[in-house]
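A short write-up of the structure that comes next.
Any read-out appearing in this document is the output of simple, stated calculations on the displayed coordinates, not a laboratory observation. Remember, it's a predicted structure, so these values are computed and weren't measured experimentally. Ideal geometry is used to build each Cβ from the backbone, glycine not excepted, and the neighbour counts take in all protein chains shown.
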Amino acid sequence: MQTKLRILGLAIVASLLWINPMFAVSHGTKVQSKANKFKTRYIGTASWYGGKHQGRKMANGQRFDRRKLTAASWYFPLGTKIRVVNVENGESVVVTVTDRGPNLRLHRILDLSQAAAERLGYVGQGLTPVFLYPVPAFDTKAAAFDAGLIAPPASQGPGDLVAKAIAVPM
């Protein structure tokens with residue numbers, strides 16, 4: 001009898017879990033996909049941490065340095081570069097997410113290192129309203145030194161080339 005009740009309870013819980021997301025989708029609620037994750041912008045409160053956490057291990061495995069431009073966030077993957085704008089004075093800084101935090105019950109969206117907080121100008125306040133969004137990453141490659149260069153014809157030496165002026169009609 002207990003087994004049948006457990007199976008019935010499990011079936012009810014499973015059906016409720018299935019209905020809840022389907023209800024949200026059917027009512028036009030915006031569901032965020034992974035492709036849209038980096039287009040998201042956040043507005044909220046940021047705090048900062050410094051000397052007390054100096055040298056402690058972060059979520060990415062490295063030691064915290066308060067003099068580097070780093071941040072702790074639950075909303076972005078580790079290694080993401082984020083532009084943070086202080087809403088009160090318009091100052092901005094680009095930081096890298098290297099840790100997880102702040103505690104979600106504190107209603108803050110970001111913890112910044114002391115160096116980042118100093119650039120934003122709110123170290124004395126402790127908290128500030130911020131606007132933040134991820135900076136898209138892209139890879140750049142340096143061109144090879146001789147890429148795209150054409151060798152001069154064999155009949156001319158390097159000093160035999162002549163520059164020609166082009167007349168532009170006015």
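For the reader, a short list of remarks on this structure follows.
- Short to long, the 5 Å bins of the Cα pair-distance histogram for the range 42-88 hold 5, 16, 29, 26, 16, 6, 1 percent of all pairs.
- Kirkwood analysis of the range 38-134, using all unique Cα-Cα pairs, places the hydrodynamic radius at 12.9 Å.
- Computed from point charges on the beta carbon alone (+1 for Lys and Arg, -1 for Asp and Glu), the dipole magnitude for the range 38-134 about its Cα centre is near 320 Debye.
- Full extension of the chain between residue 62 and residue 133 gives 23.2 nm of extra length, using 0.36 nm per residue less the Cα-Cα distance.
- Least to most buried among 47, 73, 113 (fewest other Cβ within 10 Å first): 47, 73, 113
- Counting neighbouring beta carbons within 10 Å and listing from fewest to most, the residues 48, 74 come out as 74, 48.
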